[in-house]
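The values are calculated or read from the model by the stated rules, or taken from the named source; none is laboratory data. This one's a predicted model, so the numbers in the text were calculated from it and none came from an experiment. Cβ placement follows ideal geometry from the backbone for every residue including glycine, while neighbour counts extend to all protein chains displayed. The protein model used for the area step is the full one, side chains on, heavy atoms only, and it has no ligands, DNA or RNA in it. Shrake-Rupley method; radii C 1.70, N 1.55, O 1.52, S 1.80 Å.
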Amino acid sequence: HDLLYRLTPEIIRLKHASSEPITVYIDSPGGVVDVKSAILSLLTAPPTSNSDPVRLITVVTSLAASAAAVLLSSGSYAIAQKYSIVHY
């Protein structure tokens, strides 16, 4: 859960700084589904109650497996770099 605690302030800062899409680079063998769900909720929730949802671009740079593959596919736009692996 360390990752969630480290990412939360940065995600909140990005969402309030701009209405531009947030790009998430993924290189992960997966992990805890609850942590993935919490990160995805943080990334996609509007910054305020009357804001539009945040657009999310997800990019796998090498490996996206298990929960990381689900996160990859949850983006508004998903990209897989050449030779990367996506494993469900």
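For the reader, a short list of remarks on this structure follows.
- Residues located in region 1-32, provided they are within 21 Å of Ile85 (Cβ to Cβ) and modelled with pLDDT of 90 or more: Thr23, Val24, Tyr25, Ile26, Asp27, Ser28, Pro29, Gly30
- Filtering region 63-77 to residues that are out of contact with any Leu (no Cβ under 6 Å at 6 or more places or on another chain), surrounded by 14 or more Cβ atoms within 10 Å (Cβ to Cβ) and not in a helix (DSSP H, G or I) leaves Leu63, Ala65, Ser66.
- Tyr5 being in contact (Cβ under 8 Å) with a residue 24 or more places away in the chain and open to solvent by 50 Å² or more (accessible area, probe 1.4 Å): no
- Restricting attention to region 19-62, the residues that are in a loop (DSSP other than H, G, I, E, B), in contact with a Leu (Cβ under 7 Å, 6 or more places away or on another chain) and either without any contact (Cβ under 8 Å) to a residue 40 or more places away in the chain or surrounded by fewer than 13 Cβ atoms within 10 Å (Cβ to Cβ) (or both) total 2.
- Among residues of region 54-76, those that are in contact with a Ser or Thr (Cβ under 6 Å, 6 or more places away or on another chain) and farther than 17 Å from Leu3 by Cα, counted: 7
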